[in-house]
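The values are calculated or read from the model by the stated rules, or taken from the named source; none is laboratory data. None of these values were measured; they are calculated from a predicted model. Note that we place each Cβ from the backbone using ideal geometry, even for glycine, and neighbour counts take in every protein chain shown.
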There are 2 protein chains.
Amino acid sequence: MTSPESLETFHAVIPAGGAGTRLWPLSRASHPKFLLDLDGSGRSLLQHTWDRLRELIPAERIHVVTGVAHADAIRAQLPELTGLMVEPSPRDSMPAIGLAAAVIGATDPDAVIGSFAADHVIEDQQAFATAITQAVAVARTGLVTTIGITPAGPSTAFGYIESGAGLDVAGAPSARAVTAFVEKPDAETAAAYVTGGRHSWNGGMFVTRTDVLLDHLARLQPGLHQGLVAIAAAWGGDRRQDVLAATWPSLTKIAIDHAVAEPVSLEGGMAVVPGTFSWDDVGDFAALQDVGAASSPDTVWIDGSGLALASDGTTIAVVGLDDVVVVRTADALLVTTRAHAQRVKDVVAELKARGRTDLV
Amino acid sequence: MTSPESLETFHAVIPAGGAGTRLWPLSRASHPKFLLDLDGSGRSLLQHTWDRLRELIPAERIHVVTGVAHADAIRAQLPELTGLMVEPSPRDSMPAIGLAAAVIGATDPDAVIGSFAADHVIEDQQAFATAITQAVAVARTGLVTTIGITPAGPSTAFGYIESGAGLDVAGAPSARAVTAFVEKPDAETAAAYVTGGRHSWNGGMFVTRTDVLLDHLARLQPGLHQGLVAIAAAWGGDRRQDVLAATWPSLTKIAIDHAVAEPVSLEGGMAVVPGTFSWDDVGDFAALQDVGAASSPDTVWIDGSGLALASDGTTIAVVGLDDVVVVRTADALLVTTRAHAQRVKDVVAELKARGRTDLV
């Protein structure tokens with residue numbers, strides 16, 4: 001589609017990393033969560049993320065930052081992609097997004113970038129577009145802007161964004177200042193957040209001018225800033241790989257939340273716009289079921305209920321277990337319950353401890 | 001080994017039928033329980049049954065009665081077997097054992113036969129041999145003799161044999177009259193049986209002179225007797241298949257327990273000798289675990305316990321479920337609990353109802 005005028009110079013950055021160990025055995029180090037088709041649509045989470053952004057901006061302005069191991073798989077899933085940035089090693093989200101900011105800002109000084117996780121589920125494209133458009137308008141004023149997702153309930157699985165006074169920004173009538181980012185709350189606190197109306201879910205979406213982000217980095221993480229600027233300067237030339245190899249391993253491994261969002265929010269430099277779309281990070285199999293994943297249709301349930309998936313097409317029978325989670329692949333099988341879904345990562349840890357790198 | 005003198009003219013009959021639907025997906029109509037290697041020994045239940053008997057008598061005196069579908073698999077598992085009797089269709093245990101009695105008795109008028117299920121688990125060969133030797137001695141006196149298994153506990157999963165007065169039979173000091181066969185009891189009754197000392201488990205092992213059994217049949221099931229005698233008369237000649245085809249389908253479908261053992265016990269014609277070996281009919285996965293089946297060794301247990309089998313060699317992980325039963329084959333997967341092990345047969349019924357004959 002044609003990019004709306006307000007989204008000109010807007011670039012999207014998709015950091016594509018993280019195995020998603022709580023979705024083992026579907027997700028593997030070699031085939032992480034973002035590459036998976038979890039809704040049976042034929043499109044992976046990464047492809048859905050791409051599709052949402054592609055509705056708003058041209059392919060040339062969508063960038064993916066990933067590791068060497070997944071570059072080929074991403075190119076295969078996203079044939080339109082021209083802006084693939086390959087990290088020599090994982091350094092968490094700040095170096096990935098900072099590199100994109102430095103590279104994009106070098107050729108487009110007016111650029112506003114937005115970072116979007118590769119492996120989240122969002123429904124309601126119109127509401128997503130509205131939130132992005134407002135966030136870009138706010139970001140142009142020099143604020144680092146996040147999208148606060150209107151809570152669907154008092155979840156204890158997500159961090160929250162606390163909003164303060166309304167901002168007077170043209171084109172962003174719902175924008176407010178961010179007063180704090182808060183960690184995953186207990187159930188009582190979460191309930192109070194939802195009732196109070198000032199808290200929204202932190203979906204990890206940040207929209208900012210590249211120069212604003214780099215200025216914050218220069219102040220808060222000067223070493224990281226210096227390294228990213230050096231890499232960006234060499235990006236378009238023959239020395240990219242040499243400078244990457246020399247510089248990347250020394251960059252501070254840190255998330256954008258801790259490096260920029262939290263300190264800048266305390267300085268009054270962060271804004272939030274509401275995201276009224278449904279959103280989930282699909283952190284485990286309980287979440288996967290909640291976002292609508294259906295059991296394999298030939299599953300036999302005898303006094304049983306839950307989620308039963310067979311990626312190899314075989315038949316599963318469950319007898320006498322409720323809220324069970326059964327996930328079968330060609331080489332492995334997980335049996336657990338919704339209540340234990342978060343502990344699936346312990347299986348991956350145990351398999352690593354046993355040296356079963358073939359299974360993780 | 002050399003057959004003991006007391007076991008001369010003793011023949012063993014192994015009726016090999018029944019799919020064992022409560023052991024789905026390991027057991028199938030095409031690959032029933034008796035063909036399965038359930039203890040990882042490399043020998044099937046049928047082969048273990050053969051091995052136990054082969055310790056006592058030569059191969060020529062061990063007979064297997066089965067259906068057309070399993071004849072080839074049985075020949076492959078038991079290369080020494082010469083006495084395979086193939087039924088045109090399943091008619092339950094009385095026609096199978098009665099046919100063996102008629103055929104064996106026609107060539108060996110002094111024959112004593114013992115029937116042994118193909119798919120039970122027995123440990124302690126010496127105790128087994130002692131029980132058989134005593135039972136054969138009692139059977140020679142004209143009593144139909146069963147082996148009453150000393151209960152390992154107050155099981156409600158088995159039928160019981162109630163014994164009466166001791167019998168004075170040379171070579172069978174422990175023999176007693178049978179006063180009744182009783183169905184699977186409730187827990188309170190089972191506890192009383194075990195405390196009382198007069199009840200033993202009915203393992204379905206019957207030892208009898210062929211002429212005694214056929215005389216009982218002539219009186220109690222005259223039509224069945226007539227048919228079996230006609231088939232036995234044609235067994236060694238060219239007309240075997242013709243007579244089988246003409247006669248077999250009309251034979252009464254009945255178990256030996258109902259046809260002979262129960263009515264004869266009421267007439268004082270049944271004896272019991274104790275079997276002090278450990279025995280189980282491995283009726284479901286809970287029983288399979290109880291007889292020592294071990295989970296696949298690479299199973300990952302995270303706050304979980306139970307039985308996890310992968311016949312395809314893949315890795316199973318269980319998180320947060322106790323007493324679970326997980327059984328994976330190349331084409332199917334069962335997830336249940338020990339407490340629901342008996343209901344696994346409902347899966348087979350459901351798959352049949354769906355027309356999934358490929359899976360049952």
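Residues that are in contact with a helix residue (DSSP H, G or I) (Cβ under 7 Å, 6 or more places away or on another chain) and buried (at least 20 other Cβ atoms within 10 Å of the Cβ) within segment B:92-110 comprise B:Ser93, B:Met94, B:Pro95, B:Ile97, B:Gly98, B:Leu99, B:Ala101, B:Ala102, B:Val103, B:Ile104, B:Gly105, listed in sequence order. A:Val264 fulfils the conditions (1) out of contact with any strand residue (DSSP E or B) (no Cβ under 9 Å at 6 or more places or on another chain); (2) assigned to a helix (DSSP H, G or I); (3) more than 14 Å from chain B (Cβ to nearest Cβ) except for a single criterion, (1). Kindly evaluate A:Ala287 against the criterion of being at the interface with another protein chain (Cβ under 9 Å from one of its Cβ atoms) and either at pLDDT below 95 or surrounded by fewer than 23 Cβ atoms within 10 Å (Cβ to Cβ) (or both). When the stated conditions are applied, A:Ala287 does not pass them. Is it the case that B:Thr276 is β-branched (Val, Ile, Thr) and in contact (Cβ under 8 Å) with a residue 24 or more places away in the chain? Against the criterion (β-branched (Val, Ile, Thr) and in contact (Cβ under 8 Å) with a residue 24 or more places away in the chain), B:Thr276 qualifies. When each of A:Ala190, A:Ala157, A:Ala180, A:Ala137 is tested for being surrounded by fewer than 17 Cβ atoms within 10 Å (Cβ to Cβ), outside any loop (DSSP other than H, G, I, E, B) and either touching a helix residue (DSSP H, G or I) at 6+ places or on another chain (Cβ under 9 Å) or modelled with pLDDT of 95 or more (or both), the lone residue that passes is A:Ala180. Looking at B:Asp39, B:Asp72, B:Asp119, just one residue is surrounded by fewer than 19 Cβ atoms within 10 Å (Cβ to Cβ) and part of a loop (DSSP other than H, G, I, E, B), and that residue is B:Asp39. Within 12 Å of A:Leu23 (Cβ to Cβ), in contact with a Ser or Thr (Cβ under 7 Å, 6 or more places away or on another chain) and surrounded by 17 or more Cβ atoms within 10 Å (Cβ to Cβ): is that true of A:Val319 in this structure? No; evaluated as a whole, the condition is false for this residue. The set of residues in segment A:19-33 being under 23 Å from A:Arg338 (Cβ atoms) and not charged (D, E, K, R) consists of A:Ala19, A:Gly20, A:Thr21, A:Leu23, A:Trp24, A:Pro25, A:Leu26, A:Ser27, A:Pro32. The set of residues in segment A:9-36 being within 14 Å of chain B (Cβ to nearest Cβ) and assigned to a helix (DSSP H, G or I) consists of A:Thr21, A:Arg22, A:Leu23.
If the condition is being within 7 Å of chain A (Cβ to nearest Cβ) and of a type in the set (Ser, Thr, Tyr), then segment B:307-343 contributes B:Thr314, B:Thr315, B:Thr336, B:Thr337. Find the residue count for segment B:242-258, including only residues that are under 12 Å from B:Gly223 (Cα atoms) and among the aliphatic types (A, V, I, L, M). Of the residues in segment B:242-258, 1 are under 12 Å from B:Gly223 (Cα atoms) and among the aliphatic types (A, V, I, L, M). Residue pairs whose Cβ atoms lie under 9 Å apart, sitting 6 or more positions apart in sequence or on different chains, and linking a residue in segment A:173-190 that is free of Cβ contacts under 8 Å to residues at least 24 places away in the same chain and outside the structural domain of A:Glu262 (by TED's automatic domain parsing) to a partner that is of a type in the set (Lys, Arg) and surrounded by 12 or more Cβ atoms within 10 Å (Cβ to Cβ), do not occur here. Do we have B:Gly227 as buried (at least 22 other Cβ atoms within 10 Å of the Cβ) and under 15 Å from B:Ile254 (Cβ atoms) here? Taking the combined requirement at face value, the residue satisfies it. Per the conditions (1) closer than 21 Å to A:Glu8 by Cβ; (2) crowded, with 17+ Cβ neighbours inside 10 Å; (3) without any contact (Cβ under 8 Å) to a residue 24 or more places away in the chain, the sole criterion not satisfied by A:Gln126 is (2). Could you tell me which of the residues A:Asp331, A:Asp284, A:Asp257 is farther than 23 Å from B:Gly320 by Cα and among the acidic types (Asp, Glu)? When all the criteria are applied, what remains is A:Asp257. Scanning segment B:297-306 for residues that are hydrophobic (A, V, I, L, M, F, W, C) and facing chain A (nearest Cβ under 8 Å) yields a total of 2. Can you find a residue that is within 22 Å of B:Gly164 (Cβ to Cβ), touching a residue at least 24 places away in the same chain (Cβ under 8 Å), surrounded by fewer than 16 Cβ atoms within 10 Å (Cβ to Cβ) and out of contact with any helix residue (DSSP H, G or I) (no Cβ under 6 Å at 6 or more places or on another chain) anywhere in segment B:238-252? Checking segment B:238-252: not a single residue is within 22 Å of B:Gly164 (Cβ to Cβ), touching a residue at least 24 places away in the same chain (Cβ under 8 Å), surrounded by fewer than 16 Cβ atoms within 10 Å (Cβ to Cβ) and out of contact with any helix residue (DSSP H, G or I) (no Cβ under 6 Å at 6 or more places or on another chain).
Restricting segment A:227-251 to residues that are among the small types (Gly, Ala, Ser) and assigned to a helix (DSSP H, G or I) leaves a set whose member that is nearest to A:Gly67 (Cα to Cα) is A:Ala245.
In segment A:299-314, what count of residues is obtained for those that are at pLDDT below 95 and of a type in the set (Gly, Ala, Ser)? Total satisfying the criteria: 2. Just checking, does segment B:215-235 include any residue being assigned by TED's automatic domain parsing to the domain that holds B:Glu87 and touching a Lys or Arg at 6+ places or on another chain (Cβ under 7 Å)? For segment B:215-235, residues assigned by TED's automatic domain parsing to the domain that holds B:Glu87 and touching a Lys or Arg at 6+ places or on another chain (Cβ under 7 Å): present. Is it fair to say A:Ala294 is among the aliphatic types (A, V, I, L, M), over 19 Å from the mean Cα position of the chain (by Cα) and at the interface with another protein chain (Cβ under 9 Å from one of its Cβ atoms)? The answer is no for A:Ala294.
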